[in-house]
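Since every read-out is calculated from the coordinates, none of them should be taken as a lab result. Fair warning: this is a prediction, and the values are worked out from it, not measured in the lab. Neighbour counts run over all protein chains shown; Cβ positions are idealised from the backbone, glycine included.
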């Protein structure tokens, strides 16, 4: 599998690059799959494909702090990205594993591999909800450190998500509203009570994920033109806002 450790300057560019990698793999321009890793320098909110910003985001706080709000191509819930949140994406082909066309099996396949790779960092990592990763806290409640989403095409799928490791957790409650779709294991906890950082550095996480996916070859020529076209077609800039 190819590896691309690349963070682009703009939030829209980073979201578009995940899509561009999927498109490039589906077009046969990249073979063997891709693991992409990135971590933004600044905060921004990312909506799921069907998320309602007026319900899921504290828009007043985002406007006051000039926090951009964007919409990604995949489903799932709204997240806050920023320093201390490692973002990952894997693009995989259905050719060798057609059973992964089942969305629940795709979730299990990717998340089990990631959970196994991180087992040395903290005990008791488990798949929770539809597509979360969590570990047990000192009071035996599961705390979420990773949220994930999927976008499928005919021959390939994109699976991407977050890994909190040195994130300012207070900002989540400041900028996001209480989730409208809560997994049962959340038990109505606030953002601050529910999420947690992994006890790991960015370098540790990158090394563990690289090993887990056997991503040993660097992708030098990435689909820059495709990324730029997706930004142009799907994102419009209006002051500090970038909304699909």
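Is segment 72-201 best put as rounded, prolate or oblate by its Cα gyration tensor, with a ≥ b ≥ c the root eigenvalues, rounded for a/c under 1.5, and otherwise prolate when a/b is larger than b/c, oblate when not?
Note, shape of segment 72-201 comes out prolate.
If you project the alpha carbons of segment 2-243 onto their three principal axes, what span does each projection cover, largest first, in Å?
45, 44, 32
Sort 144, 101 by Cβ crowding within 10 Å, fewest neighbours at the top.
Least crowded to most crowded, the residues run 101, 144.
Pull out a ≥ b ≥ c, the square roots of the eigenvalues of the alpha-carbon gyration tensor of segment 181-233, then state rounded if a/c is under 1.5, prolate if not and a/b is larger than b/c, and oblate in the remaining case.
oblate
Less than 20 Å from a label point 7 Å out along the Cα-to-Cβ axis of residue 180: which backbone N atoms in segment 74-109 qualify, by residue?
74-81
Say each of residue 218 and residue 112 gets a label point 7 Å from the Cα, pointing the same way as Cα to Cβ; how far apart are those two points in nm?
Each label point is offset 7 Å from its Cα along the Cβ direction, giving 3.4 nm.
At 0.36 nm per residue, and after removing the present C-alpha to C-alpha distance, how many nm does the segment from residue 193 to residue 229 gain when stretched out fully?
Taking 0.36 nm per residue and subtracting the Cα distance, the gain is 9.0 nm.
Need one number: % antiparallel among DSSP beta bridges in the chain, to the nearest 5.
75
Please report how far the C-alpha centroid of segment 1-46 lies from that of segment 104-170, rounded to the nearest whole angstrom.
After rounding, the separation between the Cα centres reads 19 Å.
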